[in-house]
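Any read-out appearing in this document is the output of simple, stated calculations on the displayed coordinates, not a laboratory observation. What you are looking at is a predicted structure, and each value in this text was computed from that prediction instead of being measured. Backbone-built Cβ (ideal geometry, glycine too); neighbour counts: all protein chains shown.
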Amino acid sequence: MIETKYEKSGDVAVVTMANPPANTFTMELGAGLEGAVHRAASEGARALVLQADGPLFCGGADVHLFAGSTAGQAREMFANGFRLINAGGGAVPGYRRGPRDVFRGGPGAGPGL
């Protein structure tokens with residue numbers, strides 16, 4: 001299942017989380033978001049808009065993601081998610097945060113992205 005969509009209009013990349021209704025974080029969604037960030041950087045996007053299909057922006061991690069994992073493996077998966085969120089730390093060459101973060105949102109649940 002494709003869980004992210006990518007579009008680019010001028011200097012703006014638009015990434016849509018497409019895992020409704022809650023857009024829960026899965027390995028596929030994480031890989032799609034990471035790929036979209038790298039694609040936006042390689043295409044010279046000056047801004048990236050993250051939006052979501054469905055009634056919720058992000059309902060947090062899909063708990064099934066951790067099934068069969070040790071505590072250490074679960075911590076590593078969680079840490080990888082935060083590395084993606086904080087890509088300004090060097091994960092994407094040339095990426096830097098703007099002077100402020102802008103959020104225009106709808107409802108969300110839990111400690112989502």
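Modelled this way, with points 7 Å down the Cα-to-C-beta line, the labels at Glu28 and Glu7 are 2.2 nm from one another. A simple spin-label model places the labels of Arg39 and Ala74 3.2 nm from each other, with each point 7 Å out along Cα-to-Cβ. Here's how it looks for Asn19: its modeled amide H is under 5 Å from those of Asp53, which are all 5 or more places away or on a different chain.
The 3J(HN,Hα) values that the Karplus relation (6.51, -1.76, 1.60; θ = phi - 60°) gives for the stretch 70-76 are, in residue order, 6, 4, x, 5, 5, 4, 5 Hz. Gly and Pro appear as x.
For the pair Val63 and Ala47, label points projected 7 Å from Cα toward Cβ lie 3.8 nm apart. Taken over the alpha carbons of the stretch 4-89 as equal point scatterers, the Debye sum produces base-10 log I(q)/I(0) values at 0.16, 0.19, 0.25, 0.27 Å⁻¹ of -0.66, -0.88, -1.25, -1.34.
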